[in-house]
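The values are calculated or read from the model by the stated rules, or taken from the named source; none is laboratory data. Quick caveat, the model's predicted, so the values are computed rather than measured. Virtual Cβ from ideal backbone geometry, glycine too; neighbours counted across all protein chains shown. The accessibility values were calculated without ligands, DNA or RNA, using every heavy atom of the protein model including side chains. Shrake-Rupley method; radii C 1.70, N 1.55, O 1.52, S 1.80 Å.
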Amino acid sequence: PGLRGRLLANQSLAELTWLRVGGPAQLLFTPADEDDLAYFLKHLPKELPVHAVGVGSNLIVRDGGIPGVVIRLSPRAFGETSAAGDVVSAGAAALDKRVAETAAASGIGGMEFLFGIPGTVGGALRMNAGANGRETRDVLIEAVGIGRDGARHVFTNADMNFVYRGSGVDPSVIFTSARFRGAVTDPETIRARMNEVQTHRETAQPIREKTGGSTFKNPPGHSAW
């Protein structure tokens, strides 16, 4: 009875992914805020599987759909970014690109690599997203997530147990926000680096097509391409 978010049954997921394919979610929940997400997970029957999705830039949904509950954090509730000193705070639904732009506007360097990653902060935390020689673990201070029991958890960089394109946090935890630390840098230098990131992406990937960018993880010591 205390639920404030939007809960829909048999909701198509195709329009929520970049590739525009896939079947429905048995249930699709869009929480109103972090407390609403915690309330929902706490009262959800334990036998129901839960999957979290972002902007769907790195996601293929099977035609048969997804059983259980799919949780999608909206940009309105979880997409804010802000900067103070050399720290950028961001909701899990904020685009990686927006984090880079927020940092640049405040003269914070070190996050330019995020400018070329077509996903959200939540996905970056879960898969240790990286590009141009940098990864999420290089700048993360801490992440906040809600467990399946509805409890709020704070994870330090060490708690994340980052590995190449992955993290060791319980898959049932849904990240809601994060804080990143860069270094005070001349804004022109930051913009030049961001332009380099964009140029590299445009020349290395078919960005004007429906693609997830780098589809495959690099094997040790080699490039997938």
Query raised in the report: What number, rounded to the nearest 500 deg cm²/dmol, is the helix-based mean residue ellipticity at 222 nm of the chain, given -39500 (n - 2.57) per DSSP H run of at least four residues and division by all its residues?
Result: -6500 deg cm²/dmol
Report summary line: Result for the chain: accessible area per residue, probe 1.4 angstrom, in square angstrom, of 52
Report task. Could you pull out every one of the aspartates and glutamates with an alpha carbon less than 19 Å from that of LYS42, ignoring same-chain neighbours closer than 8 positions? Result -> ASP33, GLU34, ASP149, ASP170
Report task. Using only Cα atoms, tell me the angle between helix 34-43 and the longest principal axis of the chain; keep it within 0 to 90° and round to the nearest 10. Result -> 40
Query raised in the report: Does anyone have the angle between helix 187-204 and the longest principal axis of the chain? Alpha-carbon axes, 0 to 90°, nearest 10?
Result: 70
Query raised in the report: On a 0 to 90 degree scale, rounded to 10, what angle separates helix 96-105 from the longest Cα axis of the chain?
Result: 50
Report task. Quantify how much of the Cα-Cα distance distribution of segment 84-157 extends past 15 Å, in percent. Result -> 52
Query raised in the report: Based on the Cα gyration tensor of the chain, what are the three equivalent ellipsoid semi-axes, each the root of five times an eigenvalue, rounded to whole Å and given largest first?
Result: 29, 21, 16
Query - Portion, in percent, of the accessible area of the chain that falls on carbon or sulfur, probe 1.4 Å - result: 52
Report summary line: In debye to the nearest 20, the charge dipole size for segment 43-118, taken about the Cα centre with +1 at each Lys and Arg Cβ and -1 at each Asp and Glu Cβ, equals 260
